[in-house]
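What follows is calculated from the coordinates using simple rules that are stated; it is not laboratory data. This is a predicted model, so every value here is computed, not measured. Here the Cβ positions follow ideal geometry from the backbone for every residue, glycine too, while neighbour counts run over all protein chains shown.
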Amino acid sequence: MMNLMVGDLFSGSGSAHFAAGIGAGLAMIGAGYGISRIAAAAMEGTARQPEAGGAIRTGMIIAAALIEGLGFTSMGVCFMLAAK
């Protein structure tokens, strides 16, 4: 039973679905890591210079939205490749 499942996984469209799942997971891991790095840097910057907190927060939100959009776009590409 296991050999049949592994054989289906790496043959034809099975490999495309497997690659799409791995690609989508890696895209979301990368986006999450990028957003966490931005949040850490923003908190450190606000702690060092509290009067610039508003500008730092605005830049952080814009950068986080761009990273999240890129993550969702790459996940969408992975799913489109799987449906091909």
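Put in order of Cβ neighbour count within 10 Å, fewest first, the listed residues 36, 74 become 36, 74.
Which length gain, in nm to one decimal place, applies between residue 36 and residue 72 when the Cα-Cα distance is subtracted from 0.36 nm times their residue separation? Working shown, then result.
Numbers: separation 36, 0.36 × 36 = 12.96 nm, distance 1.63 nm.
Stretched fully, the residue 36-residue 72 segment lengthens by 11.3 nm.
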